[in-house]
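J.: First the structure, which I've put down as structure tokens, then a few questions once you've had a look.
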Amino acid sequence: MTSAGDRAATTEDAFLGGSLRVLQPVAGYRAGLDAVLLAAAAPLRRGRLEQVLDVGAGVGVVGLSVARRAADAHLTLIEREATQADLCRANVERNGLSERARVLAGDVGKPLGEQPALKPLAGSFDHVLANPPYQVEGTATVAALPAKAAANAMRRDGLQQWLRFMAAMARPGGTATMIHRADSLDQVLMAFSGRFGHLLVFPIFPRQGAAAHRVLVQGIKGSRAPLQLRAGLILHETGHGFRSEVDAILRGGAALDLGGASAS
């Protein structure tokens, strides 16, 4: 539905079976399936108070989904665009997560030394999550809205910037998890290389027999263990409905085990 008053340009959308209700811009970038799958893939440990970072948080769907499924997790959500960050803060409050989630302004393209709110947090996060823009500037049609264009496309060296930032923010032995287009896997792996090891490559298939269209990559900071290619996840049955294990993630907030990466 479209919200009233000063949020007339937003809709209220339900995630995790309605347990998370999020304001999103009508015309800007809108989070969906990929954000929930990324949140489910965070390798959280039961009974541990863990620090989780959502990089490029947008309106907060990834981070708030983690906070909703893990009562012990504390979330920091970093967003560059002021309008998105304001909605993210509103979403933290409206979902009653202010005691465990905070929103900070930040830019993965700037040195940490130029970002005083973030510099003290370097090397402190158990898990770092990212759903970066999928397009490269100059290779696709540019969105009419500047905010949407920024959310959909990055510089040619953008993945290197994102992984450099993620590595700086993760603690030694902490994990990084990213979702991206499957046809960009080579670039994603290059960006992870030298920063994270024990990489798990987890393809997402729209249906049985189809090529993967998304991939989750997860690694451990400082590990030298070799890469593993996992079986992945098939989203849909023969028709358009989600498979039961996928429905449990999207509606019930179940975890998605990629197959072995965990913070030490």
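The values are calculated or read from the model by the stated rules, or taken from the named source; none is laboratory data. Since the model is a prediction, treat every value here as computed from it, not as a measurement. Cβ sites come from the backbone with ideal geometry, for glycine too, and all protein chains shown count toward neighbours.
J.: What are the pairs with Cβ atoms under 8 angstrom where one residue, in the stretch 162-182, is without any contact (Cβ under 8 Å) to a residue 40 or more places away in the chain and the other, located anywhere, is among the aromatic types (Phe, Trp, Tyr)? Sequence gap at least six, or different chains.
T.: Leu163/Phe192; Leu163/Phe196
J.: Which pairs have Cβ atoms under 9 Å, sit 6 or more apart or on different chains, and link a residue in the stretch 76-95 that is closer than 13 Å to Asp54 by Cβ and assigned to a strand (DSSP E or B) to one that is at pLDDT 95 or above and among the basic types (Lys, Arg)?
T.: Within 9 Å, the pairs are Thr76/Arg102; Leu77/Arg89; Leu77/Arg102.
J.: Working only within the stretch 96-119, note down all residues that are within 21 Å of Arg48 (Cα to Cα) and surrounded by 13 or more Cβ atoms within 10 Å (Cβ to Cβ).
T.: Leu97, Arg100, Ala101, Arg102
J.: Which residues, counting only those in the stretch 178-192, are of a type in the set (Lys, Arg) and either surrounded by 17 or more Cβ atoms within 10 Å (Cβ to Cβ) or touching a Gly at 6+ places or on another chain (Cβ under 6 Å) (or both)? Steps first, answer last, please.
T.: To start, the set of residues in the stretch 178-192 that are of a type in the set (Lys, Arg) comprises 181.
Passing the criteria: none in range.
J.: Go over the candidates Val36, Val59 one by one and state the one that is among the β-branched types (Val, Ile, Thr) and in a helix (DSSP H, G or I). Steps first, please.
T.: Working: Val59 fails: in a helix (DSSP H, G or I).
Going through Val36, Val59 in turn, just one is among the β-branched types (Val, Ile, Thr) and in a helix (DSSP H, G or I): Val36.
J.: Still on this structure: Quick one: Arg80 ticks every box in (1) charged (D, E, K, R); (2) under 20 Å from Trp162 (Cβ atoms); (3) more than 15 Å from the chain's Cα centre (by Cα) bar one, so which box is it?
T.: (3)
J.: Considering only residues of the stretch 21-33 that are modelled with pLDDT of 95 or more and over 15 Å from Ala248 (Cα atoms), which is surrounded by the fewest Cβ atoms within 10 Å (Cβ to Cβ)? Walk me through how you get there before you give the answer.
T.: Taking the stretch 21-33 as the starting set, the residues that turn out to be modelled with pLDDT of 95 or more are 21-24, 33.
Within this subset, residues satisfying the condition of being over 15 Å from Ala248 (Cα atoms) are 21-24.
On the way: Arg21: 14, Val22: 26, Leu23: 19, Gln24: 22.
My answer is Arg21.
J.: Continuing with the same structure: Quick one: Leu250 ticks every box in (1) of a type outside the set (Val, Ile, Thr); (2) modelled with pLDDT of 95 or more; (3) within 26 Å of Arg164 (Cβ to Cβ) except a single one, so which number is it?
T.: So the condition that Leu250 fails would be (3).
J.: Among residues belonging to the stretch 213-263 that are touching a helix residue (DSSP H, G or I) at 6+ places or on another chain (Cβ under 9 Å) and assigned to a helix (DSSP H, G or I), point out the one that is surrounded by the fewest Cβ atoms within 10 Å (Cβ to Cβ).
T.: Leu250
J.: Six or more apart or on different chains, Cβ atoms under 7 Å: show the pairs whose first residue is in the stretch 25-40 and closer than 10 Å to Leu256 by Cα and touching a residue at least 40 places away in the same chain (Cβ under 8 Å) and whose second is surrounded by fewer than 18 Cβ atoms within 10 Å (Cβ to Cβ) and not basic (Lys, Arg).
T.: Within 7 Å, the pairs are Ala40/Ala254; Ala40/Ala255.
J.: Of Gly63, Gly138, Gly96, which residue is on the phi > 0 side of the Ramachandran plot and modelled with pLDDT of 95 or more?
T.: Values: Gly63 fails: on the phi > 0 side of the Ramachandran plot; Gly138 fails: modelled with pLDDT of 95 or more.
Criteria check complete, one pass: Gly96.
J.: Out of (1) out of contact with any strand residue (DSSP E or B) (no Cβ under 9 Å at 6 or more places or on another chain); (2) modelled with pLDDT of 95 or more, the odd one out for Arg69 is which?
T.: With (1) out of contact with any strand residue (DSSP E or B) (no Cβ under 9 Å at 6 or more places or on another chain); (2) modelled with pLDDT of 95 or more applied to Arg69, the lone miss is (2).
J.: Only one of these conditions is not met by Leu49: (1) closer than 23 Å to Trp162 by Cβ; (2) assigned to a loop (DSSP other than H, G, I, E, B). Which number is it?
T.: Among (1) closer than 23 Å to Trp162 by Cβ; (2) assigned to a loop (DSSP other than H, G, I, E, B), Leu49 violates only (1).
J.: I'd like the residue in the stretch 45-55 that is surrounded by fewer than 24 Cβ atoms within 10 Å (Cβ to Cβ) and at pLDDT 95 or above and, out of all such residues, is nearest to Gln84 (Cα to Cα). Break it down stepwise before answering.
T.: Residues of the stretch 45-55 surrounded by fewer than 24 Cβ atoms within 10 Å (Cβ to Cβ): 45-51.
In the following step, the residues that additionally are at pLDDT 95 or above were identified as 50-51.
Values: Glu50: 25, Gln51: 22 Å.
Among those residues, the one meeting the criterion is Gln51.
J.: Read through the list (1) more than 17 Å from Gly58 (Cα to Cα); (2) crowded, with 18+ Cβ neighbours inside 10 Å; (3) modelled with pLDDT under 95, then give the number of the only condition that Thr175 fails.
T.: Result: Thr175 passes all but (3).
J.: Same structure, new question: Could you tell me whether any residue of the stretch 24-33 is within 24 Å of Leu199 (Cβ to Cβ) and not acidic (Asp, Glu)? Before you say what the answer is, go through the steps one by one.
T.: Step one: filter the stretch 24-33 for residues within 24 Å of Leu199 (Cβ to Cβ), giving 33.
Filter once more, so that each one left must be not acidic (Asp, Glu): 33.
Yes, the stretch 24-33 contains at least one residue that is within 24 Å of Leu199 (Cβ to Cβ) and not acidic (Asp, Glu).
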